[in-house]
1. May I ask you to list the residues in the stretch 129-153 that are part of a helix (DSSP H, G or I), aliphatic (A, V, I, L, M) and surrounded by 15 or more Cβ atoms within 10 Å (Cβ to Cβ)?
2. From the list Val217, Val222, which one is at pLDDT 95 or above and closer than 22 Å to Leu36 by Cα?
3. Where residues in the stretch 154-194 are among the acidic types (Asp, Glu) and surrounded by fewer than 17 Cβ atoms within 10 Å (Cβ to Cβ), which of them is farthest from the chain's Cα centre (by Cα)?
4. For Ala147, only one of the following conditions fails: (1) in contact with a helix residue (DSSP H, G or I) (Cβ under 6 Å, 6 or more places away or on another chain); (2) at pLDDT 95 or above. What is its number?
5. Within the group Lys158, Lys184, which residue is of a type outside the set (Val, Ile, Thr), under 24 Å from Ile54 (Cβ atoms) and outside any helix (DSSP H, G or I)?
6. Which residues, counting only those in the stretch 243-282, are outside any loop (DSSP other than H, G, I, E, B) and touching an Asp or Glu at 6+ places or on another chain (Cβ under 6 Å)?
7. Output the residues belonging to the stretch 30-68 that are out of contact with any Gly (no Cβ under 9 Å at 6 or more places or on another chain) and charged (D, E, K, R).
8. Filter the stretch 109-134 down to the residues that are out of contact with any Lys or Arg (no Cβ under 6 Å at 6 or more places or on another chain), hydrophobic (A, V, I, L, M, F, W, C) and under 24 Å from Leu67 (Cβ atoms) and list them by number.
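The values are calculated or read from the model by the stated rules, or taken from the named source; none is laboratory data. Source: prediction; values computed, not measured. All Cβ positions, even for glycine, are placed from backbone atoms using ideal geometry, and neighbour counts span all protein chains on display.
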Amino acid sequence: MSIHPLPTHLPFIDISRFHAGAQERARFVGELRQTLHDHGFFYLTGHGVDPKLIADVLATAKRFFALPLEEKLKIEMVKSPHFRGYNRAGYERRRGLQDWREQLDVNTEGTAVEIGPDTPPWKRLLGPNQWPDALPELKPLLLAYQAEVTRIGIDLLKAIAAALGQPDDAFAQIYEPQPSQLLKIIRYPGRDVAETDQGVGAHKDGGFVTVLLQDTVSGLRVQREDGTWIDAQPVPGTFVINSGELLELATNGFVRADVHGVVAPRAGTERFSVAFFLGPTMTRRFRSSSCRRS
């Protein structure tokens with residue numbers, strides 16, 4: 001019996017091959033199937049996102065985090081009934097330790113729903129994001145980027161469905177008409193600021209897929225089946241893709257949702273990333289969670 005070796009690096013997947021001719025698509029789908037089962041993480045190329053948009057998002061995210069703390073606290077998450085906004089570094093915990101990252105959470109831009117006695121509780125999550133008055137260009141830029149990574153996430157779900165021998169729209173009933181579109185711009189301070197080396201503690205993501213944009217400083221690590229870690233170094237022009245627990249559950253464990261985390265950068269440096277989490281539509285999300293609790 002042959003033993004399949006554990007991965008020592010993340011593979012590369014060119015999503016443009018999914019839209020090529022029938023033969024190339026078939027080869028691509030077969031390679032994607034094996035990757036999803038063996039890794040759960042990979043670098044994505046051929047995604048078609050404008051490099052200028054990517055550069056502008058990273059540059060503007062850095063300008064946001066460089067704002068005075070009092071400006072960022074004007075849109076602190078505790079001021080939003082929809083759980084969007086800014087969180088300071090060290091204010092979240094994972095596995096009992098502080099996560100040393102500051103971040104701005106943005107979800108689907110919308111209008112708050114009038115809440116009455118018969119309103120489903122999940123509708124409280126619908127509403128507007130908080131945006132900094134001191135950086136007005138951030139809103140249109142992040143919403144444009146959110147639309148692009150949503151396109152990528154749905155394209156990946158179609159390719160994953162095909163790789164599993166299903167119609168391209170097999171997952172559509174879970175994310176249509178409006179998926180969850182959680183976007184985070186993130187800054188990790190160096191270890192001269194952080195009290196531990198935990199940028200983000202080890203965890204799995206919960207949704208369908210995560211589309212991660214890394215800047216130039218490394219820190220992301222992915223755990224192999226034997227417990228050792230792979231460093232996912234930044235690669236220009238790519239996104240790091242990982243499948244979440246919802247996809248792992250929907251495929252009965254065939255698609256892996258790997259444990260991963262982030263190590264705080266060395267003293268005197270900082271790390272920036274932009275993470276997008278594509279999840280189910282709210283009605284599906286809370287219907288399934290209610291079923292699990294019953």
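1. Residues satisfying the conditions are Leu138, Leu141, Leu142, Leu143, Val149, Ile152.
2. Val222
3. Across the stretch 154-194, the extreme among qualifying residues is Asp192.
4. The one condition Ala147 does not meet is (1).
5. None of the others qualify; the one that does is Lys184.
6. Result: Val263, Phe272.
7. Glu31, Asp38, Asp50, Lys52, Asp56, Lys62, Arg63, listed by residue number.
8. Ala134
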